[in-house]
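What follows is a set of notes on a single structure, which appears directly below.
Coordinate-derived values only; no laboratory data. Keep in mind that what you see is a predicted model, and the values were worked out from it rather than measured. Cβ atoms come from the backbone with ideal geometry, glycine included; neighbour counts cover every protein chain shown.
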Amino acid sequence: MPDTPIIAQLPRLDLPAVQALAAPEMAAMDALIRRRLASDVVLINQVAEYIIGAGGKRLRPMLLLLAAGALGHRGPDTHQLAAVVEFIHTATLLHDDVVDESDLRRGRSTANAVWGNAASVLVGDFLYSRSFQLMVELDQLEVMRILADTTNTIAEGEVLQLLHVRNPNTDEAAYLRVIERKTAVLFAAATRLGALLAGADASTCDAMHTYGLHLGYAFQIADDVLDYASDAVTLGKNLGDDLGEGKATLPLIHAMQHSDAATQTVLREAIQHGDTAAMPQVLAAIEFCGSLDYSRARAQQHASDAEAALSALADNEHVAALRGLASYAVSRDH
């Protein structure tokens, strides 16, 4: 009986190659965003342009475009739905920065630091409502259902995270519930919607959802590692922000679970009081317990699970790009 031939996969694309592949579709999305951001209320234009123009990798809308492309679909509907995803994400950033009292994002002042909390919240609301106008125009009930469920889940995640602020009893399971709702669900919605627009069958849509969900977990865990392992210039935000906001993320949770009683007391008090002055002791505990390595391993497992979900797809350059993003999620430095 002849051996089954082994079909070689295309090599993973690195981030610049992924961005180059997606560039034409992203440019079309950007043009649509500029058109649909316009308002006769000047402050809306100022704040929205400030946020949208801040740069960033725009990973979530790119995922939608790549997922659709992986299944052979391109077109104005993907540009419009990618813009919806970007508007939803941007609205959450505006609201997050107000709730967290952040003053720095991507290396520059947050909108709330420039215009105040009220303007940031209200422009975030504008972006949410504009995103729903755009999705309604597509007139696809399943698209609207997915995005309505997703935005509701994100809101739940915001509240759930608030309940865990300054809570030293937050464990890994609770932490994962928060990042699933706050981050992973929008990744999963983006990749599922790309498949849906491509007319994929239910199992393929589910596979793309699984890919996006695990990628979101990997991305957020890796992001939380960087808050204890990077520097402010590279990271684009203040180091120790998570601790200052009283957030127990995975490196700190792991350190608390594996420290002696005296160190646990120091860590618990640092969380309860958002005490960045305790950062040296916190970093020492995290290093002693191997908490960064543990967290990186957890992120890598999710990245591997994301990549495994792509086995349901016929290989092509867009699939290689999605595999590359799984690697990038856990290897980046900002």
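For the range 272-279, putting each phi into the Karplus relation 6.51 cos²θ - 1.76 cosθ + 1.60 with θ = phi - 60° gives couplings of 4, 10, x, 8, 6, 5, 8, 4 Hz, in residue order, rounded to whole numbers and with x for Gly and Pro.
For the range 59-75, putting each phi into the Karplus relation 6.51 cos²θ - 1.76 cosθ + 1.60 with θ = phi - 60° gives couplings of 5, 5, x, 4, 4, 4, 5, 5, 4, 5, x, 4, 10, x, 10, 9, x Hz, in residue order, rounded to whole numbers and with x for Gly and Pro. Computed packing ranks the peptides 327-334, 214-221, 133-140, 56-63 as 214-221, 56-63, 327-334, 133-140, most packed first, by mean other Cβ atoms within 10 Å. Per residue, the chain reaches -23500 deg cm²/dmol at 222 nm when only DSSP H runs of four or more residues are counted, each adding -39500 (n - 2.57). I'd like the distance separating the alpha-carbon centroids of the range 47-74 and the range 258-334, in whole Å. After rounding, the separation between the Cα centres reads 24 Å. When peptides 25-31, 256-262 are ranked by their average number of other Cβ atoms within 10 Å per residue, the highest-first order is 25-31, 256-262. Overall dimensions of the chain, expressed as equivalent-ellipsoid semi-axes from the Cα gyration tensor (√(5λ), whole Å, largest first), are 33, 27, 16.
When each of Phe126, Phe288, Phe87, Phe187 is scored by the number of other beta-carbon atoms lying within 10 Å, the sequence from fewest to most is Phe288, Phe126, Phe87, Phe187. Each residue of the range 208-220 was assigned a 3J(HN,Hα) from its phi angle through the Karplus curve 6.51 cos²θ - 1.76 cosθ + 1.60 (θ = phi - 60°); the sequence is 5, 4, 4, 4, x, 4, 5, 4, x, 4, 4, 4, 6 Hz, with glycine and proline shown as x.
Relative contact order for the chain: 23 percent, from Cα pairs under 8 Å spaced at least 6 residues apart, divided by residue count.
When the Gaussian network model of the chain links Cα atoms closer than 10 Å, the mean-square fluctuations of Ala190, Ala321, Ala113 top out at Ala113. With the simple spin-label model, which puts each label point 7 Å out from Cα in the Cβ direction, the Leu163 to Ala38 separation comes to 4.4 nm. Ordering 296-305, 15-24 by mean Cβ neighbour count within 10 Å, with the highest value first, yields 296-305, 15-24.
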